[in-house]
1. List the number of the failed condition for T110; all other conditions in (1) over 18 Å from A81 (Cα atoms); (2) more than 9 Å from the ligand (Cβ to nearest atom) hold.
2. Among the candidates S91, S129, single out the residue that is on the phi < 0 side of the Ramachandran plot, within 14 Å of the ligand (Cβ to nearest atom) and hydroxyl-bearing (S, T, Y).
3. Run K191 past the list (1) surrounded by fewer than 22 Cβ atoms within 10 Å (Cβ to Cβ); (2) touching a residue at least 60 places away in the same chain (Cβ under 8 Å) and report the number of the one that doesn't hold.
4. In this structure, is A104 in contact with a Lys or Arg (Cβ under 7 Å, 6 or more places away or on another chain), in contact (Cβ under 8 Å) with a residue 40 or more places away in the chain and more than 7 Å from the ligand (Cβ to nearest atom)?
5. Please work out which residue is nearest to the ligand (Cβ to nearest atom), limiting yourself to the stretch 115-126 and to residues that are among the polar types (S, T, N, Q) and outside any helix (DSSP H, G or I).
6. Which of the strands (runs of 3 or more DSSP E) contained wholly in the stretch 144-233 include at least 2 residues that are in the same structural domain as D246 (by TED's automatic domain parsing) and among the β-branched types (V, I, T)?
7. Determine, yes or no, whether A288 is among the aliphatic types (A, V, I, L, M) and in a helix (DSSP H, G or I).
8. From the list G140, G107, G120, G147, which residue is more than 15 Å from the chain's Cα centre (by Cα) and open to solvent by less than 50 Å² (accessible area, probe 1.4 Å)?
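The values are calculated or read from the model by the stated rules, or taken from the named source; none is laboratory data. Predicted model only: the values in this text are computed from it and were never measured. Quick reminder, even Gly has a Cβ in these numbers, built from the backbone with ideal geometry, and neighbours come from all protein chains shown. Note: areas computed on protein heavy atoms with side chains; ligands, DNA, RNA excluded. Shrake-Rupley method; radii C 1.70, N 1.55, O 1.52, S 1.80 Å.
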Amino acid sequence: MSYPDKITKTIKEFRYFSPKTVSEVVSILAKDAEAVVLAGGTDVVPMMKQREIAPESVVNIKNIPKLAYIREDREGLKIGALTTISMLVESDIIKQKYLALYEAAAGFGTWEVRNMATIGGNICQSLPSGDTFPPLLAFGAEVKLVGLKGERRVPIEKFCTGPGTNVLDRELLVEVILPKQNGKYGSAYDKKKRSSVDLAKASCAVNVTVRDGKCEDIKVAMGALADKLVRARTVEEALKGKALSDEVIEAAAQKVTNDISPRTSVRSTAWYRTEVSKVLVRRMIKLAAERCSKV
Ligand SMILES: Cc1cc2nc3c(=O)[nH]c(=O)nc-3n(C[C@H](O)[C@H](O)[C@H](O)COP(=O)(O)OP(=O)(O)OC[C@H]3O[C@@H](n4cnc5c(N)ncnc54)[C@H](O)[C@@H]3O)c2cc1C
């Protein structure tokens, strides 16, 4: 009996590193430009099995003990790169203060995947359908990268350069920083997908601040529609300074077509993505606004 080539392929031999500190990782990456970082492995291992990648060196970072944490300080919320998606779901701070990120984590893959997959891996895989991206953008998050030249911070909006590509230059992502949220704010996230366990074909996160009954600030982030994550700035501008009535929200949501250029791909058509974006944007703004009144 013959099997398709993909199934019979075995993982090619590789050098394996298991450093205990960030500086050890950095020096390995500095010596070997092709070395692949392994965190939860939920993207890396299937890609190696299917020979989409065949790295000479694999750097397992799971044994660096201090990179899995969620803590608050004066600046906001700090999430270590090795924090798993399950840890996000179980965090009271995230559920209470960063609800859109909780919703993205709760709807992520399966229980097994959530236990292995890390927030750092989701960001560094850099797929436009990555569930953590829209909420991180809506909260104005930054990522901290460490390399041979030292440390730098990059806004999440500028991290990805295309589907599967990013600004990492032999660096390790060590932390995600979400600024402190002030005043009366509310957030929400949802995605449309083909089946219960699938990547998004369209996703949307909203974070809105209301003062004196009017929208003071809002960020609307759209994922999975095109090569990169998009801010729906036309929608945001249509809402700033206004009371968020159903009519105002509906009219603003229709404007999302000015901000997006959806593609047709294996998961969905450009037409569906355009139509469902209007619905997602309307629903997420409404939900986020309702949540403001409960703060
Ligand atoms: C069955 C299944 C269901 C899934 N469902 C979803 C879903 O619903 N939503 C979703 O968004 N994704 C989903 N995924 C994709 C995957 O689980 C996520 O992208 C996950 O967050 C990747 O994290 P990881 O720790 O497993 O990364 P890994 O596979 O270890 O790494 C992913 C990439 O990031 C790099 N990397 C990892 N950590 C770092 C770091 N700290 N610094 C620098 N580079 C790093 C690796 O080198 C690699 O290129 C699914 C995958 C599977 C197999």
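1. Here T110 meets the rest and fails (2).
2. Matching residue, one of S91, S129: S129.
3. Going through (1) surrounded by fewer than 22 Cβ atoms within 10 Å (Cβ to Cβ); (2) touching a residue at least 60 places away in the same chain (Cβ under 8 Å) one by one, K191 breaks only (1).
4. no
5. T118
6. Where strands (runs of 3 or more DSSP E) fall fully within the stretch 144-233 and carry at least 2 residues being in the same structural domain as D246 (by TED's automatic domain parsing) and among the β-branched types (V, I, T), they are 200-211, 214-223.
7. Spelling it out, A288 is indeed among the aliphatic types (A, V, I, L, M) and in a helix (DSSP H, G or I).
8. Checking each option against the conditions leaves just G147.
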